[in-house]
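The values are calculated or read from the model by the stated rules, or taken from the named source; none is laboratory data. None of these values were measured; they are calculated from a predicted model. Every residue, glycine as well, gets a Cβ built from its backbone with ideal geometry; the counts of neighbours run over all protein chains shown. Just so you know, the surface numbers come from the protein's heavy atoms only, side chains and all, with ligands and any DNA or RNA stripped out. Shrake-Rupley method; radii C 1.70, N 1.55, O 1.52, S 1.80 Å.
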Amino acid sequence: MAHEHSLGPDIQFRRMTRRDEAVAALVGRLGYAFKNKQLLEQALTHASGAKSKIAGSNERLEFLGDRVLGLIVAHRLYEQYEDVPEGDLARMLNTLVRRQTCAKIGEKLGIPDALVLAGKGEKRTVVTDNIVGDACEALIAAVYLDGGLEAARSIIIEHWASYLKQAPDMRKDAKSSLQEWAAARSLAVPVYETIDTTGPDHAPEFKVELSVEGREPARGVSTTRRKAEQVAATEFLRRERIWK
């Protein structure tokens, strides 16, 4: 019969549960060692798994984490993109801090496997993007409360790095940006022409050519004319270094 190893009458080793392993892996990916482990535990506790919804769940932490994330990302955008006007900065910020982005980062960190959800005898809570995104924001708040603003900043800048790099493409849709660029230079309105349509009726493919006064044409291919036009505009903006 197997016995638990003992260090005394009140201290015993126990095997790590699957969730323990998931939390340890998450902390490793996060790159931050918590001094107050209770903050980490609360950040990962969904309302369905909390003994007290107000004190035990991550909802209050999520509220705070949303503000910390917004401040740090806004500051980063302000510093990194000096030539971008306020309206475009706002659109970039909204995309970077929205719940879908937080959910994607939460997935990479391994939040779904580390969550505390509805317990035994209850209907199991389905893990959605909203739940993962909220937990990601709660985790930011936990880092902030445990280690301060600089600790939170370090975590956010590291894990949002690829999204911050893509931020210029989030300003506006490509066609709108191109039309504004052309108008600012007194150029004719860009012209989009469908030059080919291939594929079966249920899965067509459209090839569009974009013409801009005084510039080489650009082409785009996609499953709808509208998407193909956006692809062509994006190609033009990047080729001409209008979008970095």
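The table for this structure:
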read-out: Single match in VAL127, VAL212, VAL191 (criterion: free of Cβ contacts under 8 Å to residues at least 60 places away in the same chain and either basic (Lys, Arg) or farther than 21 Å from GLU235 by Cβ (or both)); value: VAL127
read-out: The lone exception for LEU210 - which of (1) assigned to a helix (DSSP H, G or I); (2) open to solvent by less than 60 Å² (accessible area, probe 1.4 Å) it fails; value: (1)
read-out: Matching residues, segment 168-180, being closer than 11 Å to TRP243 by Cα and modelled with pLDDT of 80 or more; value: ALA174, SER177, LEU178
read-out: Failed item, numbered, when ALA135 is tested on (1) more than 27 Å from ALA43 (Cβ to Cβ); (2) open to solvent by less than 40 Å² (accessible area, probe 1.4 Å); (3) in contact with a strand residue (DSSP E or B) (Cβ under 9 Å, 6 or more places away or on another chain); value: (1)
read-out: Hits in segment 78-97 (condition: within 15 Å of the chain's Cα centre (by Cα) and touching a residue at least 12 places away in the same chain (Cβ under 8 Å)); value: ARG91, MET92, LEU93, THR95, LEU96, VAL97
read-out: Residues of segment 23-65 classified as free of Cβ contacts under 8 Å to residues at least 24 places away in the same chain, of a type in the set (D, E, K, R) and in a loop (DSSP other than H, G, I, E, B), total; value: 1
read-out: Residue selected from segment 149-182 under the condition among the small types (Gly, Ala, Ser) and open to solvent by 40 Å² or more (accessible area, probe 1.4 Å), by the criterion nearest to ARG238 (Cα to Cα); value: SER176
read-out: Residues within segment 143-157 that are under 18 Å from the mean Cα position of the chain (by Cα) and under 13 Å from ALA43 (Cβ atoms), tallied; value: 3
read-out: Residue within segment 225-236 that is free of Cβ contacts under 8 Å to residues at least 12 places away in the same chain, open to solvent by less than 70 Å² (accessible area, probe 1.4 Å) and either touching a Leu at 6+ places or on another chain (Cβ under 7 Å) or of a type outside the set (A, V, I, L, M) (or both) present; value: no
read-out: Breaking point among (1) outside any helix (DSSP H, G or I); (2) in contact (Cβ under 8 Å) with a residue 12 or more places away in the chain; (3) charged (D, E, K, R); (4) open to solvent by less than 80 Å² (accessible area, probe 1.4 Å), for ASP146; value: (1)
read-out: Residue selected from segment 66-107 under the condition over 17 Å from ILE140 (Cβ atoms) and either touching a His at 6+ places or on another chain (Cβ under 9 Å) or outside any helix (DSSP H, G or I) (or both), by the criterion most open to solvent (accessible area, probe 1.4 Å); value: GLU82
read-out: Pair list, Cβ under 9 Å, 6 or more apart: segment 110-123 residue within 7 Å of GLY49 (Cβ to Cβ) and modelled with pLDDT of 60 or more, other residue among the charged types (D, E, K, R) and open to solvent by 30 Å² or more (accessible area, probe 1.4 Å); value: VAL116/ARG19; VAL116/GLU41; LEU117/ARG124; ALA118/ARG124
read-out: Residue match in segment 75-95 (condition: closer than 22 Å to SER154 by Cα and among the basic types (Lys, Arg)); value: yes
read-out: Residue under evaluation LEU210, criteria (1) touching a helix residue (DSSP H, G or I) at 6+ places or on another chain (Cβ under 6 Å); (2) closer than 30 Å to ILE72 by Cβ, criterion not met; value: (2)
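Each row is one residue, and each column tells you yes or no for (1) outside any helix (DSSP H, G or I); (2) at pLDDT 95 or above.
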site	(1), (2)
ILE131	no, no
GLU158	no, yes
THR194	yes, yes
PRO200	yes, no
